[in-house]
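Structure first, commentary second.
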Amino acid sequence: MKAYVWKETGRIEKEIHWSTPEYGSHEVLIAIKSEGICTTDIHMVSGKLDFAKPPWVLGHEMSGVIVKIGDDVKGWKIGDRVVIDPVVSCGSCKYCLTGKKYLCPDGGELGTNYGSGGYGEFVVAKPSNLYRLPAEMSFAEGAMMEPLNCTLGAIDRVRNMVGSHVAVFGAGPAGLLFIQLARAYGAIKVTLLDIKDEPLALGLRLGADEVVNITKVSLQDYFAEQEIEVVVEASGSEAAIGHCFEFVASSGTVVLYGLNGLHTPTITSDMIVGKDLSIVTCTSAPLLWYKGIRLVQAGKVNVKDIITQQVPFDEAEALLEEIMDGKSSATKTVLSY
Ligand SMILES: [Zn+2]
Ligand SMILES: [Zn+2]
């Protein structure tokens, strides 16, 4: 198959004859139709996150069409449009049996540390990792269901969202999902903060009540006038992590979402204790995939407009290089096959 392969050289290179993953009798082979480029991929290639070693076919935000079916697979047919939950697990340990398969010690994630991902033409998956992509949703929207699943899982763990003022640091894809989800979960006011005007303007279009360019205002002054019960860290910035704890109201909740690859502690635990704060996070929410798809289908969450760049698979080599070097200004790039 064709694939963009993360090589030992530290670069992503296009291969024309990379081996197609083999499917077993309980698995299906999926032709990828859309694949989202995630910051996690960039951090892996740059060495910030060491989830896997090259050579590796990355990509965990996938949608596609079933093209081959193992003999023992029931309920699916060739041609079915699917969204792939990339989290692979044993299915029988205490984590798998309590809805937390992402913690399975024998598991992993397709395209991250366990099996070939969506930077290649084909992916193998078990039926238990598949969700039907509704006919009215595009494959590109389907590829957004993985980041939506993770952000939805984090928001779902915030107990005091209804009637709250929610602030979100970071107007990247995750932040743009968080502002919409906060609204869907009953927030009365949603503020989006970033250092760039362009993604903030997109945030306003997607439903933020207020946007703040933190290079232009004093955060101390801004937060002094607000009672913000929930603060979401979706930027991966070390400074923003500190701001979350400093500026959230007492008894509030901080959602830690962005990964930064830092190995030094950045959280003041005394402040958490003193302000009686709650902290939640999420890397995957196996029980919420259907709800995520339905939120998009029902028009409650707009993932389409977060995709600011869609590129045909065959034309993506130079672009992938640019993205991995941190030189892309696109909010979200999706490869289309
Ligand atoms: Zn991702
Ligand atoms: Zn398990």
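Let's see how each residue does on (1) exposed (fewer than 13 other Cβ atoms within 10 Å of the Cβ); (2) under 30 Å from MET137 (Cα atoms); (3) in contact with a helix residue (DSSP H, G or I) (Cβ under 9 Å, 6 or more places away or on another chain); (4) not hydrophobic (A, V, I, L, M, F, W, C):
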residue	(1), (2), (3), (4)
ALA240	no, no, no, no
SER250	yes, no, yes, yes
ILE267	no, no, yes, no
LYS291	no, yes, yes, yes
ILE307	no, yes, yes, no
Check the stretch 178-197 and report whether any residue there is aromatic (Phe, Trp, Tyr) and in a loop (DSSP other than H, G, I, E, B). yes
Here are some residues: VAL73, VAL45. Which one is farther than 16 Å from PHE122 by Cα, more than 16 Å from ligand 2 (Cβ to nearest atom), over 24 Å from the mean Cα position of the chain (by Cα) and not in a strand (DSSP E or B)? VAL73
Whichever residue in the stretch 55-64 is of a type outside the set (Ser, Thr, Tyr) and part of a strand (DSSP E or B) and, among such residues, is modelled with the lowest pLDDT: TRP56
Cβ contacts < 6 Å: first residue farther than 12 Å from HIS60 by Cα and within 16 Å of ligand 2 (Cβ to nearest atom), restricted to the stretch 131-149; second residue at pLDDT below 95 and in a helix (DSSP H, G or I), any location; separation 6+ or different chain. Result? none
I'm told ALA52 meets every condition in (1) within 16 Å of ligand 1 (Cβ to nearest atom); (2) at pLDDT 95 or above except one. Can you identify the failing condition by its number? (2)
For the structure I just gave you, tell me whether GLY117 is modelled with pLDDT of 95 or more, in a loop (DSSP other than H, G, I, E, B) and not basic (Lys, Arg). yes
Checking TYR185 against (1) surrounded by fewer than 24 Cβ atoms within 10 Å (Cβ to Cβ); (2) within 16 Å of the chain's Cα centre (by Cα); (3) of a type in the set (Phe, Trp, Tyr), only one condition comes out false. Which one? (2)
Kindly provide the set of residues from the stretch 6-42 that are of a type outside the set (Asp, Glu), in a strand (DSSP E or B), in contact with a Phe, Trp or Tyr (Cβ under 7 Å, 6 or more places away or on another chain) and buried (at least 19 other Cβ atoms within 10 Å of the Cβ), ordered by number. TRP6, ILE12, VAL28, LEU29, ILE30, ILE32, LYS33, SER34
Any chance LEU133 is more than 16 Å from ligand 1 (Cβ to nearest atom), buried (at least 22 other Cβ atoms within 10 Å of the Cβ), farther than 30 Å from ALA224 by Cα and at pLDDT 95 or above: yes
Of the numbered conditions (1) more than 16 Å from ligand 1 (Cβ to nearest atom); (2) in contact (Cβ under 8 Å) with a residue 24 or more places away in the chain; (3) out of contact with any Ser or Thr (no Cβ under 6 Å at 6 or more places or on another chain), ASP71 satisfies every one except a single condition; which is it? (3)
Complete set of residues in the stretch 1-38 that are within 16 Å of ligand 1 (Cβ to nearest atom) and within 22 Å of SER138 (Cα to Cα): ILE32, SER34, GLU35, GLY36, ILE37, CYS38
Hey, among TYR95, TYR119, TYR114, which residue is within 20 Å of the chain's Cα centre (by Cα), hydroxyl-bearing (Ser, Thr, Tyr) and within 13 Å of ligand 2 (Cβ to nearest atom)? TYR114
Out of the residues in the stretch 76-94 that are charged (D, E, K, R), more than 16 Å from ligand 1 (Cβ to nearest atom) and assigned to a loop (DSSP other than H, G, I, E, B), state the one that is surrounded by the most Cβ atoms within 10 Å (Cβ to Cβ). ASP80
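The values are calculated or read from the model by the stated rules, or taken from the named source; none is laboratory data. Because the structure is a prediction, the values reported are computed rather than measured. Glycine also receives a Cβ, built like all others from the backbone with ideal geometry; neighbour counts cover every protein chain displayed.
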